[in-house]
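Shown next, in structure tokens, is the structure this report addresses.
The numbers here are math on the coordinates, done by the rules we state, and not lab data. Computed from a prediction, not measured in an experiment: that's the story for all the values here. We place every Cβ from the backbone using ideal geometry, glycine too, and count neighbours over all the protein chains shown.
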Amino acid sequence: MERPTPTPVQRRSLVESTIDAIRAMIEQRVWKVGDCIPREAELVEQFQVGRNTVREAVRVLSHSGMLEVRQGDGTYVRRELDVAETVSKLNRAGLRDHLELQCVLESEAARFAARRHTAEDIVRLKAALSHRGHYSPEADLDEFLERDRDFHVAIATASHNDALQALYAYFTASIHSHTRSIFVDTDLPEPSLADHQAIIDAIVAGKEDAAAKAAHNMLQPMIDALDKLLGSKPANSQWMNKIGATFWK
């Protein structure tokens, strides 16, 4: 019998493990915002690692804004969440989770746009939809994805909610390179031009619930189709491995 090819298990570095341990103490509120965390020597004893490991872990968490080093005083907790880790988790999330989050963002952006749009917003939205047009397999996919992105960013802009716009801008940028794989590697249904037109019509009419529902209806068929492919949510990673190891890199 042939011996299986060895599959090395990736080991986390001591620095990464120490970062996780410090982060956990803060997230569990053992060390609260404003608290001075234990001194270096105490952390070395507590985590059973070297001084250089502790220093590097503190440096990383200070750079991310979770900790603040005050020279001659100590190291203090600035915030409970590590922004860098939160972003990393978003980037590592599976396709289904991304589509569900997109559905939430699109729906609420459309709702706010229906409530707050200006005449200039409507002109911009109609122009963006006209420029987007239909998806055609014969057309340049990258150009189409840019046009589609511009349309949805226009809706977020019409929401006149700065926080939502910032979050949506980051979200679309983080998944833009992956969206291409949805067209190339899967059989998920592409939202039609009519689906997008329904959102515009509801926004123009000022119908908040209808706008949110239209945005939801645009993406729900993709989520439903993905559910059928996956069978269950935990199979998400298995399915992604099947369609390509580089899908979410």
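Can you tell me how much longer the chain between D142 and K32 gets when fully stretched, taken as 0.36 nm per residue apart minus their C-alpha distance, in nm with one decimal? It would help to have the intermediate numbers written out before the result.
Values: separation 110, 0.36 × 110 = 39.60 nm, distance 4.62 nm.
Using 0.36 nm per residue and subtracting the Cα-Cα distance, I get 35.0 nm.
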Query - Spacing of the two label points (7 Å from each Cα toward its C-beta) at R79 and R39, in nm - result: 3.0 nm
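Shape call for the stretch 50-147 from the C-alpha gyration tensor, a ≥ b ≥ c root eigenvalues: rounded (a/c under 1.5), prolate (a/b greater than b/c) or oblate?
On the way: a/c = 3.40, a/b = 2.26, b/c = 1.51.
Cα axes put the stretch 50-147 in the prolate bin.
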Query raised in the report: About its Cα centre, how strong a charge dipole does the stretch 14-82 have in debye, to the nearest 20, once Lys and Arg get +1 and Asp and Glu get -1 at the Cβ?
Result: 160 debye
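Give me D121, D73, D20 sorted ascending by neighbouring Cβ count inside 10 Å, so fewest comes first.
On the way: D121 19, D73 9, D20 14.
In increasing order of surrounding Cβ atoms, one gets D73, D20, D121.
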